Amino acid sequence: MQMTATELRRRYLKFFQERGHAVIPSASLIPQLDPTVLFQSAGMQPLVPYLLGQPHPDGKRLVNVQKCIRTDDINEVGDTFHLTFFEMLGNWSLGDYWKKEAIEMAMEFLLDPKIGLGLEKQVLHFTVFEGDEQVPPDKEAASAWEAQGISSDQIHYLPYKDNWWALGDTGPQGPDTEIFVDINTPKCSADCRPGCGCGKFVEIWNLVFMSYNRGEDGSLTPLKKKNIDTGMGLERALQVLNKQPSVYETDVFKPIVEKIYEIARITDPSKGQLRSIRIIADHIRSAAMALADDQGLVPSNLERGYVIRRLLRVAIRHGLQLGIDRFFLGELVPRVLAALGEEYDELVRNKDHMLSEIEKEEKRFRNTVRRGLRIAEKTLDEKGELTGNDAFMLFATYGFPIEMTVQIAEENGQKIDLAEFRKEFERHRQISRDATQQKFTSGLADHSEEVIRLHTATHLLHAALHNLIGPDVYQKGSNITKQRLRLDVQLNRKLTAKELTQVEKWVNDIIQRDLPITFETMSPQEAKKQGALGFFGEKYGDQVKVYSVGDVSKEICSGPHVSQTGILSKFRIVRQKRIGADTLRLRGVLESDDKDDHSKHQEAS
Ligand code: SER
């Protein structure tokens, strides 16, 4: 039977609604209950308190379609089914029905062509938990399948690693029974069976018998009320039902994938190109869904923002690999809306925010790439090779991704010494770590994380003023508390509103470029020669430390600083005041991603 995503969602919800389940909306992609988790990664995540016994306002039987983002398998994306964003159909019993009834309902839904999936009984296989020292084999689930007319050779007992479901190390969990469809390819071996991974048996639904809670000490305690948590990945189910070669042919992907073919002008992709096309399609969908969530996330170098940034940048990189040499991610956004906009109105509601963040990120990353490419090519011309050190320099100074340096080297018949790259990377990390651990003497009174971040921001502000307002604008004094920085500079006027915006934007661009901060020790004369900012009127010792932020700021300073500018998130000037004839005092703050509402992110870049 051919089925669209809309039809599958509709059938699933209706089937369970008619069997006493309340339809509940998808929770936000961003977990509200557990701030340590970046995104909802399973249907059960927003329901954990109810699985642990708290009464749900909508009752004991629920059904939903939950938006999920899972990045654990991000490197597998590009094959036929791994995804970072997916929709999970689920029905829930909170201390209500148990195995037998869950299995009866599942069977009816699987087989019925009018109200369910219309699958043939003989293509189905079922796995159940084989038991271990703590929990016995799940004969109850196996008998329930048998009672539905399933023969014993379609039922397979599998161990903990296959048939036990838990979201993390602790929390509600239990044995499960998984439903597989035999897609009728040849067996990979005589023992080929569900779970073997060859692709003959595709898992489409998982019924978890959530009956235990695991504590911090690893112990299992039976839950007072036993729950059912089921999960059917929408994309995979559609692929199987429609007998499509991968999830990318289903209608939740098709408009996106078609547009990528069109933009890349590809009709008959090689294996590598096909993988790139799939990665772009997956990543733009996830990034769009994350950006469209009402929380107003933006790409950044921290946590959720970093996931979004990574998804977008990897997509752009694969675009480059396909030979797409122009901005293209924005063109895919209407296609994401075509695929998912009807189901998720946040895509429509927050389209402008989503589109503008995607376009800004593409612009930023392309600038990085352009600069890096120029330097890489120049280095190749001059030296005839790219070493591991060069690769590190490109990364450290221009934020140029290592994968791209490797690619350029390969195109020139060379190999980057990755061990050398890693060694430099580690060395640099260690230096930053040491600096943060105050192994060096420092003028900073307080070495809290907030103060160190503001200290790096002070350098950036200083460099911005020096570059944008005038080469004579030097620091006269600085004072940092946990809440704010205060920088006094030599200037006989206030900044105009336009200048303030320019300065903020300059600093924030550097933050966005996530440049590393490094230092070298040298003589004050050498520092001056290299153009480092400093108080040359003062007396320095024989050797000074010079901190560099990528290639944009150099300043004599004893540190410590953060290791990457991205850690600063976002900078804002909050006040300016003239103190005396030739001194301007500026106060600035750093905001963290999550506290920001997105109206504050209207910077144009
Ligand atoms: N929690 C299980 C899963 O995510 C079933 O919903 O697979």
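Structure notes:
- Lysines with Cα under 29 Å of Lys224, excluding same-chain neighbours fewer than 8 positions away: Lys60, Lys67, Lys99, Lys100, Lys139, Lys161
- Annotation for region 7-87: GluC sites (Glu not before Pro) lying in DSSP loop with at most 16 further Cβ atoms inside 10 Å of their Cβ are Glu18.
- Put simply, the amide H of Val544, placed in the peptide plane, has neighbours under 5 Å in Met522, Ser523, leaving out anything fewer than 5 places away on its chain.
- For region 262-419: relative contact order, % (alpha-carbon pairs under 8 angstrom, 6 or more apart): 20
- C-alpha long axis of helix 418-436 to longest principal axis of the chain, angle in °: 70
- Full extension of the segment from Gln525 to Asn467, taken as 0.36 nm per residue of separation minus the current Cα-Cα distance, would add 18.7 nm.
- In terms of surrounding Cβ atoms within a 10 Å radius of their Cβ, Asp153, Asp96, Asp73 rank from fewest to most as Asp153, Asp73, Asp96.
- Entry note, the chain: the mean residue ellipticity at 222 nm calculated from DSSP H runs of n ≥ 4, each adding -39500 (n - 2.57), is -12500 deg cm²/dmol after division by the residues and rounding to the nearest 500.
- Amide proton proximity set for Tyr212, modelled H, under 5 Å, gap of 5+: Gln173, Leu223
- The DSSP beta bridges internal to region 1-120 are antiparallel in roughly 75% of cases.
- Entry note, the chain: relative contact order of 10 percent, from Cα contacts under 8 Å with a spacing of 6+ residues.
- The Kirkwood hydrodynamic radius of the chain, based on inverse pair distances between different Cα atoms, is 27.3 Å.
- Under 5 Å from the amide H of Trp164 lie the amide H atoms of Asp176, each residue being 5 or more positions distant or on a separate chain, with H modelled from the backbone and absent for Pro and chain starts.
- Cα long-axis angle, helix 303-321 against the chain (0 to 90 degrees, to the nearest 10): 90
- C-alpha long axis of helix 254-264 to longest principal axis of the chain, angle in °: 40
Read-outs throughout are calculated quantities, based only on the coordinates presented, and are distinct from any laboratory measurement. This one's a predicted model, so the numbers in the text were calculated from it and none came from an experiment. Note that we place each Cβ from the backbone using ideal geometry, even for glycine, and neighbour counts take in every protein chain shown.
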